[in-house]
Amino acid sequence: MDYDKLVKEFGAERFEVMPDELKDLRMAKYIVSHRDFLSISKKPFAIVSGRGPSGKFHLGHLATFMFVKQMQDKYKCRVFIPFSNDEKFLLRGISFEDAQNYAMDNLLDIIALGFDPELTDIIIDLYNLPQDLYNLAIRVSRKITYSTVKALLGFTSETNIGLSFYSAMQVAHILYPTMKYGLPSVVIVAIDQDPFIRLTRDIAEKLGYHKPGALHLGYIPSLQGEQKMSSSSPYSAIFTTDDPETVKKKVMNAFTGGRETLSLQKEKGGNPSICSVYAYLDLFGADTEQIKKDCLAGKRMCGDCKKELITLLNAFLDEHRRKREKSKNLVRKFLK
Ligand code: SF4
C-alpha cells in the first residue's frame with residue numbers, strides 16, 4: 001500500500017516528531033499519519049476504535065487493540081469499541097447468525113486484553129445498540145446526501161440501501177463520546193478507513209460537535225510477507241485460537257528477509273526490514289535491537305528467529321486463551 005500517496009490524497013498529517021507518549025509503544029512504528037492528534041490530546045478525549053467482525057481474531061487485530069489498551073493506560077481515557085456486525089451482514093453476505101456469533105467471539109479477545117470496564121463501552125450494533133446512539137445516527141443521516149456517500153464510498157445503484165444508512169451509523173459511532181460525555185474523539189483506524197473520518201469531520205460542526213481526530217495505522221504484514229493479513233488465507237495469519245502445533249507450522253512457513261543459503265546469510269547478512277518473522281518478534285516483545293544487529297552482521301540465522309518466535313507466541317497465546325476464558329464472566333460489564 002502506498003501510504004505516502006494516501007496521506008497526501010486524504011490530506012492527513014505526518015508526525016514530524018513522534019509524541020513522547022506514543023514513541024515507546026510497540027505499535028508506534030505503524031502510525032502512518034494523524035488528524036489533529038496533537039491538539040486534541042492536550043485535553044481529555046475519548047478513543048473510538050471499531051471492529052468489523054467477519055471471522056476469527058488474528059494477531060493483527062489483537063496488536064491494534066493492544067495499542068488501544070496501552071493508549072487507555074497512558075491517557076486514562078474512555079474507549080468506545082463499536083462492532084459493526086450490521087455492516088458485515090450488509091456488505092460481506094455473511095448470515096445474520098454468523099454476524100452475531102463472530103461479534104460475541106471477537107469480544108472475548110478484546111476483553112481479555114484487560115480494558116478497564118469502567119472506562120470502556122463495547123457496542124455491538126445488532127445486539128446492544130443504545131437508543132441515544134440510534135437517535136444520533138438519525139440526526140446524522142439528515143445531513144448526508146446519497147450523492148455524498150456515492151462519491152465518497154463508491155456506491156452504485158446496485159448497492160443495498162442498508163449500506164447508505166450504515167454510513168450515518170458509522171459517523172454516529174465516532175461522534176457518540178462527544179454527544180454523551182462532551183469528549184472529542186480520536187479514532188484509531190486503518191488509514192484506508194479515513195473516508196468515514198472525513199465524512200464525520202464534515203458533519204460534526206453542523207451538529208455542534210467537536211471535529212474528531214485520528215491516528216491512522218498501517219497494516220501489520222502477513223506471515224507470508226504481504227502487506228495485509230487475510231483471515232481467508234490460512235498461512236498468512238495466526239489466530240488467537242490456533243494451537244501450539246499450528247503456530248509452529250505457520251511460523252516455520254513464514255516469509256523472512258533471509259538469504260538463499262546459510263553461507264550467503266553469514267557473508268552478507270539478512271534483511272530485517274522486509275522480514276515478517278522480525279516484525280512479529282518486535283510486536284510481541286523480543287529484544288529486536290540485538291536481533292537486527294546480529295541479522296545484518298550475518299551472525300543470526302532465520303531458524304533461530306523462527307524458534308524464538310514460536311516460543312514467544314505460544315507463551316503469549318497460552319496466557320491470552322486463559323484470559324479469554326475468564327472474559328466470559330466479564331461480558332456484562334462491557335456491554336452496558
Ligand atoms: Fe529475519 Fe531473523 Fe532471518 Fe534476519 S535472521 S532475516 S531477522 S528471520
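The values are calculated or read from the model by the stated rules, or taken from the named source; none is laboratory data. Since the structure is predicted, the reported quantities are computational estimates derived from the model, not experimental observations. Here the Cβ is made from the backbone with ideal geometry for all residues, glycine too, and neighbour counts use every protein chain on show. Heavy atoms of the whole protein, side chains included, go into the accessibility calculation; ligands, DNA and RNA do not. Shrake-Rupley method; radii C 1.70, N 1.55, O 1.52, S 1.80 Å.
Assorted remarks:
- Rounded to two decimals, the Cα-based Rg/Rh of segment 71-129, with Kirkwood Rh, is 1.04.
- Computed Rg/Rh of segment 251-336, alpha carbon atoms with Kirkwood Rh: 1.20
- Partners for Lys299 among lysines (Cα-Cα distance below 29 Å; same-chain residues under 8 apart left out): Lys23, Lys29, Lys248, Lys249, Lys250, Lys266, Lys268, Lys307
- Top of Asp109, Asp194, Asp73 by mean-square fluctuation, Gaussian network on the chain, Cα under 10 Å: Asp73
- Paired Rg and Dmax values of segment 199-300, which use every Cα atom, in angstrom: 19.3, 65
- Estimated [θ] at 222 nm from DSSP helical runs (n ≥ 4, -39500 (n - 2.57)) normalised by residues in the chain, nearest 500: -15500 deg cm²/dmol
- Interchain or long-range residues, amide H under 5 Å from Ile47's placed H: Arg78, Val79, Phe80, Val186
- Unit Cα scatterers, Debye sum, segment 148-195: log10 I(q)/I(0) for q = 0.13, 0.19, 0.24, 0.25 Å⁻¹: -0.38, -0.72, -0.95, -0.99
- Evaluated at q = 0.24 Å⁻¹, a Debye calculation over the C-alpha positions of segment 1-74 (equal weights, vacuum) places log10 I(q)/I(0) at -1.35.
- Comparing Gln290, Gln170, Gln70 in a Gaussian network model of the chain where C-alpha atoms under 10 Å apart are linked, the largest mean-square fluctuation is found at Gln290.
- Overall Cα dimensions of segment 113-270, principal axis frame, Å, largest first: 65, 41, 28
- Solvent-accessible surface of the chain, taken per residue with a 1.4 Å probe and all protein chains present: 48 Å².
- Summarising the overall dimensions of segment 54-168 from its C-alpha atoms, the Rg and Dmax are 15.9, 45 angstrom.
- Low-density loop cleavage sites - trypsin sites (Lys or Arg not before Pro) in segment 1-38, where at most 14 other Cβ are within 10 Å (DSSP): Arg14
- Relative contact order for segment 159-292, counting Cα pairs under 8 Å that sit 6 or more residues apart, in percent: 15 percent
- Measure of compaction for the chain (Cα Rg per 2.2 N^0.38 Å): 1.03
- Cross-link check: pairs Lys56/Lys328; Lys69/Lys323; Lys8/Lys56 evaluated at a Cα-Cα cut-off of 22 Å; pairs beyond the cut-off: Lys8/Lys56.
- Within straight-line cross-link reach of Lys180, lysines at Cα separation under 16 Å, skipping those fewer than 8 residues along the same chain: Lys211, Lys336
- Exposed loop positions in the chain were taken to be GluC sites (Glu not before Pro) whose DSSP state is not H, G, I, E or B and which have at most 15 other beta-carbon atoms within 10 angstrom. Between these positions, the longest stretch is 17-157.
- Taking every DSSP bridge with both residues inside segment 1-148, close to 10 percent are antiparallel.
- Element breakdown for the chain at a 1.4 angstrom probe: carbon and sulfur atoms account for 52% of the accessible area.
- A cut-off under 14 angstrom between Cβ atoms defines the neighbours of Tyr176, and their net charge, with Lys, Arg +1 and Asp, Glu -1, is +1.
- Gaussian network model of the chain, springs between alpha carbon atoms under 10 Å - residue of Ile138, Ile238, Ile188 with greatest fluctuation: Ile138
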